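Okay, handing you the structure first.
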Amino acid sequence: MPQVLQNSARPFKIYFADDADPAAGKTGVTGVSTKLAKSGLAEGTVSPTIDERGGGWYEVTPLAAHRDTLGESAWTFSATGVKDAIRLEEVVAFDSQDGANMGLSQLEVAAAVLANVINVTDNSDGTFDYVIRNSANSADLITLRVTPATGDRSIV
């Protein structure tokens, strides 16, 4: 099930199969009735923009209001001479296609920040100290001493 950003009007494709020959796409479909059932709500009639793209494929451009409720939504498209087209989608609070906001383009920055927040020191006696620091003022918040050979851990 595709995930779409809440309140987005990102278009999607549907396919209308011909009633007489379901293996064939139907062109020239008009008078499409569109119903939308948002997460936890009753199904209602909506009016997105629908444009033919060829070979039975149509592009649907919803309104932002069609995706204002988080959770699963079900679209049903029906018209004379075609099999109903169904689309299920999950409306989410993040944009999976935005590398910056999903953090993908910021991984190097995040790693640099963590290097300044978590510091590991080899004490040369078989123990390691993991020091967690406040990134704002570099004050030590906690030190965890680990002895790998025994599995012992202690806060110092």
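Hey, in the GNM for the chain with a 10 angstrom Cα cutoff, which one of 53, 67, 87 fluctuates hardest?
Looking only at 53, 67, 87, the largest GNM fluctuation is found for 53.
How large is ³J(HN,Hα), in whole Hz, for each residue of the range 11-22 in order, when computed from phi with the Karplus curve 6.51 cos²θ - 1.76 cosθ + 1.60 and θ = phi - 60°, using x for Gly and Pro?
For the range 11-22, the Karplus-derived couplings read x, 9, 9, 10, 10, 9, 7, 5, 4, 6, 9, x Hz, x marking Gly and Pro.
Turning to a different aspect of this structure: Compare 138, 33, 96 in a GNM of the chain, Cα atoms joined below 10 Å, and give the one with the largest fluctuation.
138
If N is the number of residues in the chain, what value comes out of its Cα radius of gyration divided by 2.2 N^0.38 Å?
Working: Rg = 26.8 Å, N = 156, 2.2 N^0.38 = 15.0 Å.
With N residues counted in the chain, Rg over 2.2 N^0.38 Å equals 1.79.
How far is helix 107-117 tilted, in degrees, relative to the longest principal axis of the Cα atoms in the chain, given as a value from 0 to 90 rounded to the nearest 10?
On a 0 to 90 degree scale, this one is about 30.
With both bridge residues required to lie in the chain, what share of the DSSP beta bridges run antiparallel, to the nearest 5%?
If we restrict to bridges inside the chain, about 95 percent are antiparallel.
I need the phi-derived Karplus couplings for the range 85-90: 6.51 cos²θ - 1.76 cosθ + 1.60, θ = phi - 60°, integer Hz, Gly and Pro marked x.
Per residue, the Karplus-derived 3J(HN,Hα) values read 9, 10, 9, 10, 8, 10 Hz.
Also, I was wondering about something else. Quick query: amide H of residue 53 versus all other amide H atoms, modeled in the peptide plane; which residues come in under 5 Å with a sequence gap of 5 or more or a different chain?
Here the answer is 58, 59, since their amide H atoms fall under 5 Å of that of residue 53.
Let me ask another. Out of 20, 136, 37, any idea which swings most in a Gaussian network model of the chain, alpha carbons joined below 10 Å?
136
Placing unit charges on C-beta atoms (Lys and Arg positive, Asp and Glu negative, everything else neutral), compute the dipole magnitude of the chain about its Cα centre in debye, rounded to 20. Can you show the working numbers first?
On the way: 12 positive and 20 negative charges, 52 e Å.
It works out to roughly 240 debye.
Please give, to one decimal in nm, the separation of the simple spin-label points placed at residue 118 and residue 33, each 7 Å out from Cα toward the Cβ.
Label at residue 118, label at residue 33, 5.7 nm between them.
Express in whole angstrom the spacing between the alpha-carbon centres of the range 41-58 and the range 133-156.
Rounded to whole Å, the Cα centres lie 57 Å apart.
Also: Taking 0.36 nm per intervening residue step and subtracting the Cα-Cα distance, what contour gain separates residue 57 from residue 96 on full extension? Write down the numbers at each step before the final one.
Working: separation 39, 0.36 × 39 = 14.04 nm, distance 2.43 nm.
Full extension of this stretch gives 11.6 nm more.
Now a separate question. Can you sort 5, 88 so the residue with the fewest Cβ neighbours within 10 Å comes first?
Working: 5 18, 88 11.
Least to most surrounded, the residues fall as 88, 5.
Read-outs throughout are calculated quantities, based only on the coordinates presented, and are distinct from any laboratory measurement. Here the structure is a predicted model, which means the values were calculated and not measured. Ideal geometry is used to build each Cβ from the backbone, glycine not excepted, and the neighbour counts take in all protein chains shown.
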